[in-house]
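Peer 1: Have a look at this one before I ask anything.
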């Protein structure tokens with residue numbers, strides 16, 4: 001784990017689910033080498049969609065060459081929800097090292113409308129999401145907290161109460177997942193993230209002090225692959 005490592009919703013989410021898996025991936029250095037084909041295909045399709053969406057929001061509606069019917073279907077759903085003339089910023093990255101919280105996030109879309117800001121995260125998952133579950137999701141906390149902390153630099157006239165976050169599910173466009181924000185939630189998220197990163201820092205020292213062999217253990221890779229498969233199917 002490098003000194004300039006910034007925690008993301010992915011790394012924090014993995015730690016919450018399984019600290020051992022966090023160790024294998026971020027400290028021992030197990031990559032997706034030999035990863036399950038199904039996971040690779042799912043990740044690749046999701047990545048391709050995000051590339052097309054970014055181009056769409058930057059005025060480049062040039063996906064006529066796409067043969068994948070699923071991708072084309074998702075783009076139609078996206079166009080129906082978000083018109084080309086939308087006031088927005090696509091693929092915005094924010095990094096912060098403050099108050100013991102070293103975080104980064106890359107936002108699919110930030111919509112500016114009626115002096116309010118809406119974070120939009122596109123989801124291509126197979127299963128529909130639940131509002132109560134997503135409100136407590138680590139991604140929600142990271143994305144809303146990080147934008148809230150940096151509002152003055154990016155949107156100086158916007159207040160924290162004017163932030164919301166929508167999970168737009170391409171396979172379930174009518175399943176509305178919209179989360180509001182306020183100062184109370186912001187302070188709560190700050191506390192949660194600070195404590196979570198503090199916990200990682202404490203056990204990271206233990207992980208690094210262990211005597212381990214080079215990571216080529218097939219059993220560990222199988223464990224990581226199975227865990228990732230469950231993660232991406234949620």
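Peer 1: Restricting to segment 142-153, count the residues that are surrounded by fewer than 16 Cβ atoms within 10 Å (Cβ to Cβ) and part of a helix (DSSP H, G or I).
Peer 2: Adding up the residues that qualify gives 2.
Peer 1: Which numbered condition trips up residue 44, out of (1) under 30 Å from residue 202 (Cβ atoms); (2) at pLDDT below 90?
Peer 2: Residue 44 satisfies all of (1) under 30 Å from residue 202 (Cβ atoms); (2) at pLDDT below 90 except (1).
Peer 1: Continuing with the same structure: Just checking: which of the strands (runs of 3 or more DSSP E) contained wholly in segment 41-141 hold 2 or more residues that are out of contact with any strand residue (DSSP E or B) (no Cβ under 7 Å at 6 or more places or on another chain)?
Peer 2: Passing ranges, in order: 88-98, 101-113.
Peer 1: Can you tell me which residue is farthest from residue 158 (Cα to Cα) among those in segment 103-120 that are crowded, with 18+ Cβ neighbours inside 10 Å and in contact with a helix residue (DSSP H, G or I) (Cβ under 7 Å, 6 or more places away or on another chain)?
Peer 2: 103
Peer 1: May I pose another question? Looking at segment 200-209, can you tell me whether even one residue there is surrounded by 13 or more Cβ atoms within 10 Å (Cβ to Cβ) and closer than 24 Å to residue 89 by Cβ?
Peer 2: So far as segment 200-209 goes, no, none of its residues is surrounded by 13 or more Cβ atoms within 10 Å (Cβ to Cβ) and closer than 24 Å to residue 89 by Cβ.
Peer 1: Of the conditions (1) touching a helix residue (DSSP H, G or I) at 6+ places or on another chain (Cβ under 8 Å); (2) at pLDDT 80 or above; (3) part of a helix (DSSP H, G or I), residue 225 clears all except one; give me its number.
Peer 2: Exception for residue 225: condition (2).
Peer 1: From the set of residues in segment 22-40 that are out of contact with any helix residue (DSSP H, G or I) (no Cβ under 7 Å at 6 or more places or on another chain), part of a loop (DSSP other than H, G, I, E, B) and loosely packed, with under 14 Cβ neighbours inside 10 Å, which is modelled with the highest pLDDT?
Peer 2: 29
Peer 1: Which of the residues spanning segment 73-92 are farther than 28 Å from residue 153 by Cβ, surrounded by fewer than 14 Cβ atoms within 10 Å (Cβ to Cβ) and touching a helix residue (DSSP H, G or I) at 6+ places or on another chain (Cβ under 9 Å)?
Peer 2: Across segment 73-92, the qualifying residue is only 79.
The values are calculated or read from the model by the stated rules, or taken from the named source; none is laboratory data. Model, not experiment: these values are computed from the prediction. Virtual Cβ from ideal backbone geometry, glycine too; neighbours counted across all protein chains shown.
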